[in-house]
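Some notes on the structure that comes next.
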Amino acid sequence: MGRVRVRFAPSPTGHLHIGGARTALFNWLFARKHGGTFVLRIEDTDVRRSREESARQITEALAWLGLYWDEGPGKGGPYGPYFQSERLAIYQEFADRLLHAGLAYPCYCSPEELAHRRREAQRRGEAPRYDGRCRMLTAAERKQLEREHRRPALRLRTPDRGTTTVRDYIHGDVVFRNEDIGDFVIMKSNGMPVYNFACVVDDLTMYITHVIRAEEHLSNTPRQLMLYEALEADPPVFAHVPMILAPDRSKLSKRHGATSVEEYRDMGFLPEALLNYLALLGWSSEDGAEIMSLQEMIAKFSLDRVAKTAAIYDERKLAWMNGHYLRAMTDERLSEAAMPFLIRAGLIPESADEQTREYVRRVVSLLKERIRTLGELAETARYFFDANFDYDPKGVRKHFSKPGTADLLRDGMKALQTVDPFTVECVERAYRAVIHSRGISGGGLIHPTRLALTGRTVGPSLFDIMVVLGKEECCRRIERAIEFIEKEQAQG
């Protein structure tokens, strides 16, 4: 294998979809595995839909994932420009070459005429394709059409009969009938190249050796092979990776939840977890490993292990995997990662001092085994930062409504006030003494105390929570709970 050159070529019409991110990852892994080059190219010739903001979002999402490109926007390279909108002169040069060689011809049919013919073909039960009526126009006929101010598109002459075979690395040989393709437009009447033409010219002039892209592009490939043949150039190796489908096997869309990389970032997923999960959508390592670092994925990646069938997207598995990566982080790194989410939730100030940072670290250490995302961490940790919470209604009925609960909480609070040092061992010993003296089960005091301190009925060890909150805060919250219980009893 010669030096590998692959590319990821998104259209800047929106955020980076997870399907696009998976395609970028497969290209990146293949390039790194073979010591090759990963090129980022922005296909922005659709002027109506392309957005500069979308291009920026795509590059930022790739950078957040750690999929840095070797050539492309902001990086440069020997075969730029890397925005298609800046390569129009290159496309025109190749179009002129095909025109002068008689392999392409001007087509003066208007969009309205073409649409009418398509409808007529469908009415007759025929596959809509261009009927070739501009193929044999004489010079005089062309001049007449131009006098009518018709601006021509440029079409490639294609074979009327026979087949075109796509030799795909993943799917094997896929055969297309040439008569179903017809002469297709390569340059629009406004001078802009169509997707298939620009794609071929770019891949050819950027010396792309392997085109690894989504299966939905397989139907474009016979047209691209015809262009390579017309340009007397060898095509790259094509590998069309399987679709990503929703759990109901429909096309993944917004109705199934988040679909863009940015959404998952903002929900608190880690880039390494998202990459690990995306790698397993349509590919598997030979040893069956599921948790893999990028370096491990590079070492194990092979197109031979890419599946032909669609991959089913399962956000629950992604959340499980993200939880694994969160638990593997040090408390220091995890607390730093959690800070923006705590700030966004209004739980800590934007300029947190060292005391706040240390408090966050202690909270994170306590909760990391129970969370799956950083966004979930912020919500789970809320009671550590905000004492003005509501009590869980079911917990109130179960734990606060029992006679004598207020007095029991007072006994617990008095015991806490005497604890010194305020450690987990000392707090638990003091509470166990109250439980023993009262002759009740441990839950009889622990459950209402947890509800008093957190507003919730489940969570980490109560005594760990107490030590993180501190003695004074625990007593304040228990006092608040006692007032709540007594008020409820007075009203009830």
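The values are calculated or read from the model by the stated rules, or taken from the named source; none is laboratory data. All of these numbers come straight from a predicted model, not from anything done at the bench. Counting neighbours? That spans all protein chains shown, and the Cβs are built from the backbone with ideal geometry, glycine included. Only protein heavy atoms, including side chains, enter the accessible area calculation; ligands, DNA and RNA are left aside. Shrake-Rupley method; radii C 1.70, N 1.55, O 1.52, S 1.80 Å.
Counting only residues that are aliphatic (A, V, I, L, M) and more than 32 Å from the chain's Cα centre (by Cα), how many does region 169-185 have? Adding up the residues that qualify gives 3. Determine whether VAL364 is within 30 Å of ASP266 (Cα to Cα), surrounded by fewer than 14 Cβ atoms within 10 Å (Cβ to Cβ), of a type in the set (A, V, I, L, M, F, W, C) and within 34 Å of the chain's Cα centre (by Cα). No; evaluated as a whole, the condition is false for this residue. For ARG117, state whether it is more than 26 Å from ALA273 (Cβ to Cβ) and charged (D, E, K, R). The answer is yes for ARG117.
Every condition in (1) under 28 Å from VAL237 (Cα atoms); (2) within 20 Å of the chain's Cα centre (by Cα); (3) not β-branched (Val, Ile, Thr); (4) not in a loop (DSSP other than H, G, I, E, B) is met by ALA338 except one, and the failing one is (1). For SER110, the stated conditions do not hold, so it cannot be described as open to solvent by less than 80 Å² (accessible area, probe 1.4 Å), of a type in the set (S, T, N, Q) and closer than 26 Å to GLY14 by Cα. Filtering GLY102, GLY72, GLY80 for residues that are more than 23 Å from the chain's Cα centre (by Cα), crowded, with 16+ Cβ neighbours inside 10 Å and at pLDDT 95 or above leaves a single hit, GLY80. Taken together, the residues in region 275-298 that are of a type in the set (A, V, I, L, M, F, W, C), assigned to a loop (DSSP other than H, G, I, E, B) and open to solvent by less than 10 Å² (accessible area, probe 1.4 Å) amount to 2. Figure legend. Inter-residue proximity from region 213-225: first residues among the small types (Gly, Ala, Ser), second residues in a helix (DSSP H, G or I), beta-carbon distance below 6 Å, spacing 6+ or different chains. Indicated pairs: ALA214/THR23. For first residues located in region 307-324 and open to solvent by less than 70 Å² (accessible area, probe 1.4 Å), partners that are part of a strand (DSSP E or B) and at pLDDT 95 or above and lie 6+ apart or on another chain with Cβ distances below 8 Å form the pairs ALA307/TRP283. Remark: pairs (first residue in region 462-479, within 17 Å of THR356 (Cβ to Cβ); second residue open to solvent by 20 Å² or more (accessible area, probe 1.4 Å) and part of a helix (DSSP H, G or I); Cβ separation under 9 Å; 6+ apart in sequence or on different chains) = VAL468/TYR359; VAL468/ARG362; VAL468/SER365; VAL468/LEU366.
HIS15 satisfies every condition listed in (1) more than 15 Å from MET206 (Cα to Cα); (2) part of a helix (DSSP H, G or I); (3) not β-branched (Val, Ile, Thr) except (2). Does ASN190 satisfy being closer than 21 Å to ARG87 by Cβ and surrounded by fewer than 15 Cβ atoms within 10 Å (Cβ to Cβ)? So ASN190 fits the description; yes.
Applying the condition of being under 37 Å from the mean Cα position of the chain (by Cα) and buried (at least 18 other Cβ atoms within 10 Å of the Cβ) to region 86-99 and asking which residue is farthest from GLN144 (Cα to Cα) yields ARG87.
Criterion first (closer than 11 Å to GLY412 by Cβ and more than 42 Å from the chain's Cα centre (by Cα)) does LEU453 satisfy it? Criteria not met by LEU453.
When the residues of region 349-359 are filtered to those that are over 28 Å from the mean Cα position of the chain (by Cα) and either assigned to a loop (DSSP other than H, G, I, E, B) or of a type outside the set (S, T, N, Q) (or both), the one that is nearest to LEU462 (Cα to Cα) is TYR359.
A single entry from ARG357, ARG432 fulfils the requirement of being more than 29 Å from ALA319 (Cβ to Cβ), without any contact (Cβ under 8 Å) to a residue 24 or more places away in the chain and either charged (D, E, K, R) or open to solvent by 10 Å² or more (accessible area, probe 1.4 Å) (or both): ARG432.
Taking region 127-147 as the range and being open to solvent by 90 Å² or more (accessible area, probe 1.4 Å) and within 26 Å of ARG161 (Cα to Cα) as the test, the residues that pass are ARG129, ARG133, MET136.
Within region 367-389, the residues that satisfy the criterion of being assigned to a helix (DSSP H, G or I) and open to solvent by less than 30 Å² (accessible area, probe 1.4 Å) are LEU367, LYS368, LEU374, GLY375, LEU377, ALA378, TYR383, PHE384. Note on region 153-175: among residues that are in contact (Cβ under 8 Å) with a residue 12 or more places away in the chain and open to solvent by 50 Å² or more (accessible area, probe 1.4 Å), the one that is farthest from GLU113 (Cα to Cα) is TYR169. For the residues ARG3, ARG41, ARG7, ARG32, the requirement of being open to solvent by 10 Å² or more (accessible area, probe 1.4 Å), touching a residue at least 12 places away in the same chain (Cβ under 8 Å) and touching a Gly at 6+ places or on another chain (Cβ under 7 Å) singles out ARG3. Being in contact with a Ser or Thr (Cβ under 9 Å, 6 or more places away or on another chain) and either of a type in the set (D, E, K, R) or more than 23 Å from ALA21 (Cα to Cα) (or both) is the filter here, so list the residues in region 68-101 that pass it. Correct list: ASP70, GLU71, TYR79, ARG87, LEU88, ILE90, TYR91, PHE94. Just to be sure, is ALA55 touching an Asp or Glu at 6+ places or on another chain (Cβ under 9 Å), farther than 27 Å from THR209 by Cα and not in a loop (DSSP other than H, G, I, E, B)? So ALA55 fails the test.
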